[in-house]
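Chemist: First the structure, then my questions, so here it is.
The values are calculated or read from the model by the stated rules, or taken from the named source; none is laboratory data. Since the model is a prediction, treat every value here as computed from it, not as a measurement. When we count neighbours, we look across all protein chains shown, and the Cβ atoms used for this are built from the backbone with ideal geometry, even at glycine.
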Amino acid sequence: MIYLDNNATTRVAPEVLDTMHPYLGQLFGNPSSAHALGREMKRAVDQSREQVGSLIGAADVSEVVFTSCGSESDNWAIRGVLATRPDNKHIVTTLVEHEAVRNLCRLLENEGYEVTWLGVDHNGELNLDELRAALRPDTALVSTMLANNETGVLFPIEEIGRIVREASEALFHVDGVQAVGKIPIDLKSTAVDLFALSGHKLHAPQGIGALYIRNGISLPSWIIGGGQEQGRRAGTSAVPNIVGLGAACKLALVDDGHARIETLRNRLEDEILKSIPNARLNGAADRSKRLPNTSNISFAYVDGQNILMHLDHAGICVSTGSACHSTTHESSPTLRAMNVPYPVAQGSIRFSVGRFNTEAEIETTLSVLPEIIAKLAAMSPYQEELMSGRAVSQN
Amino acid sequence: MQLCDHFFNPRNVGDADEPSFTGRSASLSCGALIRFSIQVDEGHSISQAKFRAAGCDVLVAAASMLTAQVEGMNTAEAAAIGQEPAVLSEQMGTENARCVELACNALLDAIREYSNTAREDWVGDEVLICTCFFVSERTIEREIQTRGLTSVAEVTRVCNAGGGCGSCHQLIQEILEANDLPR
């Protein structure tokens, strides 16, 4: 199997697994216990907190709180800020957020909040003048992602944070889930108040996330119960997962594999765009404005899900923005916001490279893909229909 | 199983040889597009059925299965299959009824194009209305008058007219209106 879907989730790294292993065995204590075993667990949790804090450049280790996943962190950050500012009913976010933020903000609209949805240009980039203009005295929160999960396009959170500080009283929440472990992050030098991350995107197990809450910001407790996580989120600490996240953060910080991942991604992207007809990059062509591991490429006039299934048949895992299930049946909101035309958006495939991919795997993918695209393109009626300008019956 | 087979090895991909009749169907929500083309012989049987599609696995498999099923059928039989996407969905074991329906609609659209042409080209003593079941205007009028029929559904029940691709429903409606005399 060739796994090129590392933005969906990642394999737990052997170093991470080794670190976790004792905590699934003899080190089974509760960090809240006063005895020696409990104290040892607490030390492990504290160390992980430090490791997470180091990776994201937190000024103080107490700014890191463990959660169960990125979505929980996003929900807590947004709900928490709004609860502390009951008179401010305005939120600024973008049209290309992950569902955790996007769907929550849609829900908040029904709960009486006004949401300004910032659009993006065809490169997937924000217009910061629009952001500035959207800020109001009653804006409670600005929430943007750092890296788009589908295209890898980066939002300039330093600049966004500066604008938010200059032009409003709002707090700034960043969904950093897709970026952590892939690019350097230094929150202490950035005007970010809350920052969500998730372990399984950087080779920790699923079921562990964290929320960075800048010192001085007090959010209501998210889970009421015992005094875990400084009383901010009750529930017995998931020590094996927490230890795993810490080890993964350490690995991301000391590992020198980032350049290698970028080289593999570049090779894949360059060759596809060069050799496959009607292949187009979704997202900024300038690679410094994207994650180093992600390529979102549209194969115009063919269906992404079809491509995905043929690649799957060949043992290659990717994902697509054009999901067709019995329930949902639409193209990706991110690509729609970027104004990618339908017949192009529906053929989008996201390749996301990770630390376990090899050069040989990239070459295999490059050898399999053109034939699949050619076969599907020959089947597609799109180009001829578009050229003939015929109307089609709608369903 | 059938779904998988027809998806990975779709039958009858391409365009039917000329003269052919083409039907189309598209989804504005996901961008799927399908084109069905058929060739019909003098005995009103589908001698060739082909498709081209850009859509999900279900759409491709449904279209492939439809082409395989309708080849050799007359247009009435083929239209009956196109009218029953639920049956095809069940054969495929899919819950994605929308994409199966999209394929069926393209087939029906192709049959209608054939029917409209066949009706226009028809040279006979009586005007032909339903080309699937070969029912003339005079037969339909006679049934309407003798039985006092008032709807297209009633006409179809009595003489089959309109029971195939449905391209003549508007014509039957017009005949009904012309014969709606005070009694």
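Chemist: Please determine whether any residue of region B:61-70 is away from every other protein chain (no Cβ under 14 Å), outside any strand (DSSP E or B), in contact with a Phe, Trp or Tyr (Cβ under 7 Å, 6 or more places away or on another chain) and over 26 Å from A:Leu311 (Cα atoms).
Modeler: No - not one qualifying residue is present in region B:61-70.
Chemist: Is region B:100-108 home to any residue that is of a type in the set (Asp, Glu), part of a loop (DSSP other than H, G, I, E, B) and either modelled with pLDDT of 95 or more or out of contact with any Cys (no Cβ under 6 Å at 6 or more places or on another chain) (or both)?
Modeler: No, that holds for no residue.
Chemist: Another question about this same structure. Which one is surrounded by the most Cβ atoms within 10 Å (Cβ to Cβ), of the residues in region A:279-298 that are within 17 Å of the chain's Cα centre (by Cα) and in a strand (DSSP E or B)?
Modeler: Residue satisfying both the conditions and the ranking: A:Asn296.
Chemist: As an exercise: evaluate B:Ile111 against (1) buried (at least 19 other Cβ atoms within 10 Å of the Cβ); (2) over 10 Å from the mean Cα position of the chain (by Cα) and give the number of the one condition it does not meet.
Modeler: Failed condition: (2).
Okay, residues lined up against (1) over 19 Å from A:Ala234 (Cβ atoms); (2) in contact with a strand residue (DSSP E or B) (Cβ under 9 Å, 6 or more places away or on another chain); (3) basic (Lys, Arg):
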| site | (1), (2), (3) |
| --- | --- |
| A:Arg43 | yes, no, yes |
| A:Gln47 | yes, no, no |
| A:Glu72 | no, yes, no |
| A:Gly80 | no, yes, no |
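Chemist: In region A:340-390, which residues are among the polar types (S, T, N, Q) and within 14 Å of chain B (Cβ to nearest Cβ)?
Modeler: A:Gln346, A:Ser348, A:Ser380, A:Gln383, A:Ser388
Chemist: If you don't mind, another one. With respect to the numbered conditions (1) crowded, with 21+ Cβ neighbours inside 10 Å; (2) closer than 19 Å to A:Asp286 by Cβ, which one is the sole condition not fulfilled by A:Glu158?
Modeler: (1)
Chemist: Could I ask something else about it? Can you say whether B:Ala106 is under 15 Å from B:Ile46 (Cβ atoms) and away from every other protein chain (no Cβ under 14 Å), as far as the supplied structure shows?
Modeler: no
Chemist: When you look at A:Arg43, is it assigned to a helix (DSSP H, G or I), in the same structural domain as A:Pro184 (by TED's automatic domain parsing) and without any contact (Cβ under 8 Å) to a residue 40 or more places away in the chain, yes or no?
Modeler: yes
Chemist: Still on this structure, I have one more. Counting just the residues of region B:114-127 that are surrounded by fewer than 20 Cβ atoms within 10 Å (Cβ to Cβ) and not in a loop (DSSP other than H, G, I, E, B), which one comes out nearest to the other protein chains (Cβ to nearest Cβ)?
Modeler: The residue in question is B:Asn116.
Chemist: If you scan region B:2-53, which residues turn out to be of a type in the set (A, V, I, L, M, F, W, C), more than 14 Å from chain A (Cβ to nearest Cβ) and under 16 Å from B:Met65 (Cα atoms)?
Modeler: B:Ile38, B:Ile46, B:Ala49
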